[in-house]
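Peer 1: Take this structure first; my questions come after.
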Amino acid sequence: MTESINVDVVVLGGGPGGYTAAFRAADLGLSVCIVEKRDTLGGVCVNVGCIPSKTLLHAASLVEHAKHGAQMGIAFSAPNIDIDALRSHKEETITELTKGIANLSKARKVVRVQGEGHFIGEHTLLVKGDSEQQVEFKHAIVATGSHSVKLPIAPEDSRVWDSTDALSLPFIPGKLLIIGGGIIGLEMAQVYSALGSEITIVEAQDQIIPAADKDVVQPLLKATKKTYQMLTKTKVTDMTAQPEGIVVGFEGKKAPERAVFDAVLVAVGRRPNTSGIGLENIGVDINEQGLVEVNDRMQTSVPHIFAIGDIVKGPMLAHKATHEGKVASEVISGMDATFHPVAIPSVAYTSPEVAWVGLTEKEAKLQGIEYTAGKVPWLVSGRAQSVGATNGVTKALFDKESGTLLGAGICGENAGELIHEAAAVLQFGGTAKDIAHTVHAHPTLAETFAFAAELVEGSMTDML
Ligand code: FAD
C-alpha cells in the first residue's frame, strides 16, 4: 500500500542545493520533506565530489610538500602509500559530514524519505524505495544534480573510469590517461600523480582549464609539465579494452597514434539530471541542454515548482547551488529574495591552485570592455619567497574609466582562499583605489592583490 504524507515543501535531491533549501525552509517555519535516493544526504558534493576529491588532494599535497622539503635541507624518504588506509580515511571524512547533515536535518524535523522520486501530478510526488510513498506538497524544490558525460567510444570496462570510480581508488594505475583538461581532470591528475601514476592528459581545446585566462593557468602548466604529458588540441578517436590495457587512438599534432593505458578517466563534463523525474508531465520547461528554465527567484514555468543547483543555468558548483537553495525557500516563505550574484568564484584545487572570479581577460575582450590589468608575479612577494611559492601569479582587471574591479585570477598556493578578497570587492563595487588603500598585512600572499591594484592605480610603477 502507498503511504502518503502532506507538507508545505518537498525537496527532491539531498545535495548541497537540496539540503540547504530544506534547512532554510524549515528554519522559516515550513513543514519540509526531503527525498533522496542515496543512503546519505550530501549529494555528489559530499559523497563523490568536492569532499572526497579535496581529502585526496590534501593527501597528495603532503607528498608534494615533502618533496620541497629537500630544497630546505629537510629530506624525507619516498612515501609509503597504503591505498586501503587512504580510502578508509576518505570514507571517514565523508561519513563525518553526512552524519552531521543528517543530524542538522533531524534537529529541524525535516522528514527524510529514501527512494527515487518523480512527479505524478502538479502537487504530488511518488517515491519508490523499499516501499512506495506519495508526497503531497504545496511547493516543490527540484535539486536532482548532474551526472558525468559518457563517451560513446568508451568501452564498458572496470579500467575505464568516471570521477566517482577514480575517487573510489580502485587501484593505482601505472599509466593513467585523463580525457578532459578541466578542473575535475586536473584534480584527479594531481591525486594519482602523487600516488605514483604516470599521467597523460588530453584536452580538445588549446589550453587546460579553458574557462580561465591562459596566463593565469601558466604556473600550473609549468609546475606539471615535467610530470604530466599534456596533449592539448588533441582528440581521442577510439578506445578498446584489451588484456594488456585500454588501447587508445589519438588525433593531434603532438599525440602518438595509439598508446596503451592501465586506466582511463573520462572527465569531459557533466549533464543535468532532468529526465525521468516527470517534470515534462507537469509542464516544467526544460531547454535543449536539459537545463530547467528558471527566473531569478528560482521559479520554473510552473510557479510553485522551483529548481536549483546543477540542473539550472550557471556553473555547476556547490556554492552556487546552496545560494540558489536559500533563495527558493525564502521566496516560498513569502520573502522578496532573488539570485543575482555579482560573481561566483571558481577554483581548481591543484598544486598550485587556480582561482578566478568575475570577468576573465578573454571575456572582457570578447565583450569589448575597456580595462586595465594589473599583473603581479609572486617572485616579488616576501611571503611567496619564504614558503617556496614563487611560481604564482595574481592578475586583476579594472574598468579603464572608473577603476572598478571587473575580475581577478590567481594561480598559486592557497589561490582558492585568496580569491575571496576579489569576490568581496566585486560584490561591493570597489575600485583599484579602494584595494590599494586597504592596508594588507605583511608578509602575506594577499599583498599580491593589493600590488596588482597599486600598479593600476599608479601608486606603484613597476614590479620587476
Ligand atoms: P547534487 O549534489 O548532484 O545532488 C543531487 C542529489 O539528488 C543526489 O544525491 C542524487 O542522488 C539525488 N537525486 C537525483 N535524482 C533523484 C530522484 N529522482 N529521486 C531522489 N533523489 C534523486 N563543486 C564545488 O563547488 N567545489 C568543488 O570542489 C567541487 N568538486 C567536485 C569534484 C567532483 C569529482 C565532482 C563530480 C563535482 C565537484 N563539484 C564541486 C560540483 C558539485 O559537486 C556540484 O555542483 C554540486 O554537488 C551540485 O549540487 P546539487 O545540490 O545541485 O546536486
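The values are calculated or read from the model by the stated rules, or taken from the named source; none is laboratory data. Fair warning: this is a prediction, and the values are worked out from it, not measured in the lab. Methodologically, a virtual Cβ is constructed for each residue, glycine included, from the backbone with ideal geometry; neighbour enumeration extends over all protein chains shown.
Peer 1: Check Glu91, Glu96 and return the single one that is within 16 Å of the ligand (Cβ to nearest atom), without any contact (Cβ under 8 Å) to a residue 60 or more places away in the chain and surrounded by fewer than 16 Cβ atoms within 10 Å (Cβ to Cβ).
Peer 2: Numbers: Glu96 fails: within 16 Å of the ligand (Cβ to nearest atom).
The conditions single out Glu91.
Peer 1: Residues to consider are Ile120, Ile101; find the one that is of a type in the set (A, V, I, L, M) and either without any contact (Cβ under 8 Å) to a residue 24 or more places away in the chain or in a helix (DSSP H, G or I) (or both).
Peer 2: Details: Ile120 fails: either without any contact (Cβ under 8 Å) to a residue 24 or more places away in the chain or in a helix (DSSP H, G or I) (or both).
On inspection, the qualifying residue turns out to be Ile101.
Peer 1: Sticking with this structure for a sec: Quick check: anything in segment 41-56 touching an Asp or Glu at 6+ places or on another chain (Cβ under 7 Å), touching a residue at least 40 places away in the same chain (Cβ under 8 Å) and buried (at least 21 other Cβ atoms within 10 Å of the Cβ)?
Peer 2: We begin by selecting, within segment 41-56, every residue touching an Asp or Glu at 6+ places or on another chain (Cβ under 7 Å); these are 53.
This time we only want the ones that are touching a residue at least 40 places away in the same chain (Cβ under 8 Å), so: 53.
In the following step, the residues that additionally are buried (at least 21 other Cβ atoms within 10 Å of the Cβ) were identified as 53.
Yes, segment 41-56 contains a residue that is touching an Asp or Glu at 6+ places or on another chain (Cβ under 7 Å), touching a residue at least 40 places away in the same chain (Cβ under 8 Å) and buried (at least 21 other Cβ atoms within 10 Å of the Cβ).
Peer 1: Considering segment 336-360 alone, what residues qualify as being aromatic (Phe, Trp, Tyr) and in contact (Cβ under 8 Å) with a residue 60 or more places away in the chain? Steps first, answer last, please.
Peer 2: Quick first cut of segment 336-360, residues aromatic (Phe, Trp, Tyr) only: 339, 349, 356.
The answer is Tyr349, Trp356.
Peer 1: Quick one: how many residues across segment 299-320 are within 12 Å of the ligand (Cβ to nearest atom), hydrophobic (A, V, I, L, M, F, W, C) and not in a strand (DSSP E or B)? Explain how you work it out, then say what you get.
Peer 2: Here is the first cut: in segment 299-320, the ones within 12 Å of the ligand (Cβ to nearest atom) are 307-312, 314-320.
If we keep only those that are hydrophobic (A, V, I, L, M, F, W, C) as well, we get 307-308, 311-312, 316-318.
Those left that are additionally not in a strand (DSSP E or B): 308, 311-312, 316-318.
Final tally of qualifying residues: 6.
Peer 1: Considering only segment 42-60, I want to know if a residue exists there that is part of a helix (DSSP H, G or I) and more than 13 Å from the ligand (Cβ to nearest atom).
Peer 2: Restricting attention to segment 42-60, the residues satisfying the condition of being part of a helix (DSSP H, G or I) are 43-48, 50-60.
If we keep only those that are more than 13 Å from the ligand (Cβ to nearest atom) too, we end up with 59-60.
Yes - at least one qualifying residue is present in segment 42-60.
Peer 1: Here is a further query. Mind checking which pairs have a first residue in segment 302-329 that is over 20 Å from Gly182 (Cα atoms) and a second that is modelled with pLDDT of 95 or more and among the aromatic types (Phe, Trp, Tyr), Cβ under 7 Å, 6 or more apart or different chains?
Peer 2: Going by the 7 Å Cβ cut-off, the qualifying pairs are His323/Phe339; Glu324/Phe339; Val327/Phe339; Ala328/Phe306.
Peer 1: Could you list, ordered by first residue, the pairs with Cβ atoms under 8 Å in which the first is in segment 151-173 and under 25 Å from Cys50 (Cβ atoms) and the second is in a loop (DSSP other than H, G, I, E, B) and among the basic types (Lys, Arg), at least 6 apart or interchain?
Peer 2: Partner pairs satisfying both residue conditions: Asp162/Lys150; Pro173/Arg159.
Yes/no matrix, rows are residues, columns are (1) free of Cβ contacts under 8 Å to residues at least 40 places away in the same chain; (2) closer than 19 Å to Tyr192 by Cα:
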{"position": "Phe250", "(1), (2)": "no, no"}
{"position": "Pro256", "(1), (2)": "yes, no"}
{"position": "Val264", "(1), (2)": "no, yes"}
{"position": "Gly269", "(1), (2)": "no, no"}
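Peer 1: Are there strands (runs of 3 or more DSSP E) fully within segment 197-288 with at least 3 residues that are surrounded by fewer than 17 Cβ atoms within 10 Å (Cβ to Cβ)? List them. Full working, then the answer.
Peer 2: Working: elements: 198-202, 228-231, 235-242, 245-251, 258-261, 263-266, 270-272.
Once the strands (runs of 3 or more DSSP E) in segment 197-288 are filtered for at least 3 residues that are surrounded by fewer than 17 Cβ atoms within 10 Å (Cβ to Cβ), what remains is 235-242, 245-251, 258-261.
Peer 1: Applying the selection to segment 211-250, what residues are among the acidic types (Asp, Glu) and under 25 Å from Pro173 (Cβ atoms)?
Peer 2: If we filter segment 211-250 for residues that are among the acidic types (Asp, Glu), which is where we start, we get 213, 215, 238, 244.
Scanning segment 211-250 gives Asp238, Glu244.
Peer 1: Continuing with this model, one more query. So how many residues does segment 334-367 have that are away from the ligand (no atom under 16 Å from the Cβ) and in contact with a strand residue (DSSP E or B) (Cβ under 9 Å, 6 or more places away or on another chain)?
Peer 2: First, the residues of segment 334-367 that are away from the ligand (no atom under 16 Å from the Cβ): 334-338, 340, 342, 358-367.
Within this subset, residues satisfying the condition of being in contact with a strand residue (DSSP E or B) (Cβ under 9 Å, 6 or more places away or on another chain) are 342, 358-361, 363-365.
Total satisfying the criteria: 8.
Peer 1: Search segment 6-21 for residues that are over 22 Å from Lys99 (Cβ atoms) and among the β-branched types (Val, Ile, Thr) and pair each with any residue that is at pLDDT 95 or above and within 6 Å of the ligand (Cβ to nearest atom) when their beta-carbon atoms are under 9 Å apart and the residues are at least 6 apart or on different chains.
Peer 2: These pairs meet every condition: Val10/Val35; Val10/Gly117.
Peer 1: Give segment 155-182 a look and list any residue that's surrounded by 21 or more Cβ atoms within 10 Å (Cβ to Cβ), out of contact with any Gly (no Cβ under 8 Å at 6 or more places or on another chain) and assigned to a loop (DSSP other than H, G, I, E, B), or say none.
Peer 2: Once the filter is applied, which keeps residues that are surrounded by 21 or more Cβ atoms within 10 Å (Cβ to Cβ), out of contact with any Gly (no Cβ under 8 Å at 6 or more places or on another chain) and assigned to a loop (DSSP other than H, G, I, E, B), segment 155-182 yields Pro173, Gly181.
Peer 1: Here are some residues: Val111, Val149. Which one is β-branched (Val, Ile, Thr) and either modelled with pLDDT under 95 or surrounded by 16 or more Cβ atoms within 10 Å (Cβ to Cβ) (or both)? Steps first, answer last, please.
Peer 2: Working: Val149 fails: either modelled with pLDDT under 95 or surrounded by 16 or more Cβ atoms within 10 Å (Cβ to Cβ) (or both).
Going through Val111, Val149 in turn, just one is β-branched (Val, Ile, Thr) and either modelled with pLDDT under 95 or surrounded by 16 or more Cβ atoms within 10 Å (Cβ to Cβ) (or both): Val111.
Peer 1: Report yes if Gly29 is surrounded by fewer than 24 Cβ atoms within 10 Å (Cβ to Cβ) and in contact (Cβ under 8 Å) with a residue 12 or more places away in the chain, otherwise no. Before you say what the answer is, go through the steps one by one.
Peer 2: Numbers: surrounded by fewer than 24 Cβ atoms within 10 Å (Cβ to Cβ): yes; in contact (Cβ under 8 Å) with a residue 12 or more places away in the chain: yes.
Yes.
Peer 1: To continue, here is another question. Only residues that are in contact with a strand residue (DSSP E or B) (Cβ under 8 Å, 6 or more places away or on another chain) and within 9 Å of the ligand (Cβ to nearest atom): list them for segment 5-16, please.
Peer 2: Within segment 5-16, the first condition is being in contact with a strand residue (DSSP E or B) (Cβ under 8 Å, 6 or more places away or on another chain), and the residues that meet it are 5-14.
Residues satisfying the conditions are Leu12, Gly13, Gly14.
Peer 1: Quick check on my filter: what residues within segment 4-21 are out of contact with any Leu (no Cβ under 9 Å at 6 or more places or on another chain), crowded, with 24+ Cβ neighbours inside 10 Å and among the hydrophobic types (A, V, I, L, M, F, W, C)?
Peer 2: The answer is Val11, Ala21.
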